[in-house]
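The values are calculated or read from the model by the stated rules, or taken from the named source; none is laboratory data. These numbers come from a predicted model, not from an experiment. Neighbour counts are summed over all protein chains in view; Cβ atoms, including those assigned to glycine, are modelled from backbone coordinates with ideal geometry. Note: accessible area is taken over every heavy atom of the protein model, side chains too, but ligands, DNA and RNA are not part of it. Shrake-Rupley method; radii C 1.70, N 1.55, O 1.52, S 1.80 Å.
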Amino acid sequence: DYHLHPQGHRLQPYTQELLQPWANHARQVGLRDIALTDHDRYHAGVDFDEIDRLRETNPDLKIRAGIELDNDPIHSAAGRAWVEKNWDRLDVVLGSVHFLRGDWAFDHAGEEAEFARRDIDEVYADYYARIRTMAGSGLVDCMAHLDLVKIFGFRPTSDFSDVIDAVLAEIRDAKIAMELSTAGWRKPVRELYPSDEIIRRAVAKKIPFTTASDGHSHVQ
């Protein structure tokens, strides 16, 4: 599971008390290889020494140090600088898009009304343009929840096949992976990220996959 958020959605400095439940639950459900990938806006809480201690206490688990780098309009510049500074200590950097035109945090609970108000094709076009920028940034190893824009079940009215192919070509050319995320099954869309059609197109382009829960609690 290469997408886990021990801090959840708030700054919580890494301690053994915070991290050990994640190792315990990973072991309980049969995981042997996990990555701690908090949002880059909470990078101040990431402590590589605490991750090393967790590894020493749990030698049966492969525990990777990571971060989820997104396009937060307030924090992303600092997040990118932190990733560059700590590149050699990071095992995996996820790339994602959580903000659209107008600094809109589109995937937050209750944003269905804003989706209904906007032109859905423009929303999708904006989203995938930002995905391409992230994929081509040179700072990420894997693209997270690639079609997160579908979170509330809103679908484009136009054919986006060419757009998806362009996105996947960007990922392939950047020699990075994309994740198969079960998080969508917990969301209103009730569907894996990405969709089966995107998975088939990615397989055809020989893009490698990781698997992920995007857990914001160890029980997820």
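Taking the numbered list (1) more than 18 Å from the chain's Cα centre (by Cα); (2) under 28 Å from A26 (Cβ atoms) in turn, V93 passes all entries but (1). Consider the stretch 106-143 and keep the residues that are in contact with a Phe, Trp or Tyr (Cβ under 8 Å, 6 or more places away or on another chain) and in a loop (DSSP other than H, G, I, E, B). The one that is least open to solvent (accessible area, probe 1.4 Å) is F106. Residues in the stretch 49-73 that are part of a helix (DSSP H, G or I), within 25 Å of L139 (Cβ to Cβ) and open to solvent by 20 Å² or more (accessible area, probe 1.4 Å): 4 in all. Here L31 meets the list (1) aliphatic (A, V, I, L, M); (2) part of a helix (DSSP H, G or I); (3) open to solvent by 50 Å² or more (accessible area, probe 1.4 Å) almost entirely, failing just condition (2). Taken together, V97, V83, V93 contain a single residue that is open to solvent by less than 20 Å² (accessible area, probe 1.4 Å), at negative phi and in contact with a Cys (Cβ under 9 Å, 6 or more places away or on another chain), which is V93. If I ask for residues that are among the charged types (D, E, K, R) and open to solvent by 40 Å² or more (accessible area, probe 1.4 Å), which ones from the stretch 177-220 would you list? Hits for the stretch 177-220 are R186, K187, R190, E191, D196, E197, R200, R201, K205, K206.
Are any residues in the stretch 172-198 closer than 19 Å to G95 by Cβ, among the hydrophobic types (A, V, I, L, M, F, W, C) and within 16 Å of the chain's Cα centre (by Cα), and if so, which ones? If the condition is that a residue be closer than 19 Å to G95 by Cβ, among the hydrophobic types (A, V, I, L, M, F, W, C) and within 16 Å of the chain's Cα centre (by Cα), then I176, A177, M178, L180, A183, L192 are the ones that fit.
I'm trying to understand the selection: among the residues of the stretch 167-176, which are open to solvent by 30 Å² or more (accessible area, probe 1.4 Å), within 22 Å of E122 (Cα to Cα) and of a type outside the set (D, E)? Talk me through it step by step, then tell me what you get.
Taking the stretch 167-176 and keeping what is open to solvent by 30 Å² or more (accessible area, probe 1.4 Å), we get 170, 172-175.
Applying the additional criterion that residues be within 22 Å of E122 (Cα to Cα) yields 170.
Once the filter is applied, which keeps residues that are open to solvent by 30 Å² or more (accessible area, probe 1.4 Å), within 22 Å of E122 (Cα to Cα) and of a type outside the set (D, E), the stretch 167-176 yields nothing.
Filtered by the rule that a residue be open to solvent by 50 Å² or more (accessible area, probe 1.4 Å) and assigned to a helix (DSSP H, G or I), the stretch 144-162 gives a lone residue, D162.
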